[in-house]
Amino acid sequence: MARMLMLFALCVIPSLVSASRPVRNPFVVVGKVYCDTCRCGFETSATTYLPGAKVRVQCKDRDSLQVVYNVDGVTDATGAYKITVPDDHEDELCETVLISSPQNDCKVKSPGRDGSHVILTNNNGIISNIRHANAMGFMKDTALSGCTQVLQKYQDFE
């Protein structure tokens, strides 16, 4: 009987204790923010990336669409951001959104490129805790002079 009790104490109790504590492995949302210098709605070879742009990760309740979580971040010198989200948001709709641009002549959010959906749950088969968001962009007030040549590279004529 004493052996059974000892076996129980050495095997079962530690596993119960570790199972009751959630494993904390925060999500890291990564992405880039650019300035659409040719005002064409997508990244080109003339695109520049914006250091100091403000970005937000926000999650909304699936039913009411009310924002229940948000955290802000800022892009680094290369226009990239990394935002840590400590909790699982399985039942919520999460996205990254543009907040502001530091560049005075590139402050208008590019339609359709001003946000990106991200999945912030471990219950979906994704092994990594890093979540990649699509690049988001602002548009320059006026297109650069060399944009015609840049856009000709993207045309497909046969």
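Values in this text are rule-based calculations from the coordinates and carry no lab data. Treat the numbers as computed from the prediction; the structure is a model and nothing was measured. When we count neighbours, we look across all protein chains shown, and the Cβ atoms used for this are built from the backbone with ideal geometry, even at glycine.
Data overview
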| quantity | calculated |
| --- | --- |
| Fewest-first ranking of Y34, Y69, Y154, using other Cβ atoms within 10 Å as the exposure measure | Y154, Y69, Y34 |
| Gained length - S145 relative to H132, 0.36 nm times residue gap less alpha-carbon distance | 1.4 nm |
| Ranking of K140, K107, K54 by count of other Cβ atoms within 10 Å, fewest first | K107, K54, K140 |
| Kirkwood Rh in Å, taken over all unlike Cα pairs in segment 24-144 | 14.7 Å |
| Among V108, V30, N124 - extreme Cα towards positive end, dipole of segment 24-144, charges at beta-carbon | V108 |
| Length gained when the stretch V30-D88 is fully extended (0.36 nm per residue, less Cα-Cα span) | 19.2 nm |
| Proximal lysines to K60, defined as alpha-carbon separation beneath 25 angstrom and excluding residues fewer than eight positions away on the same chain | K32, K82, K109 |
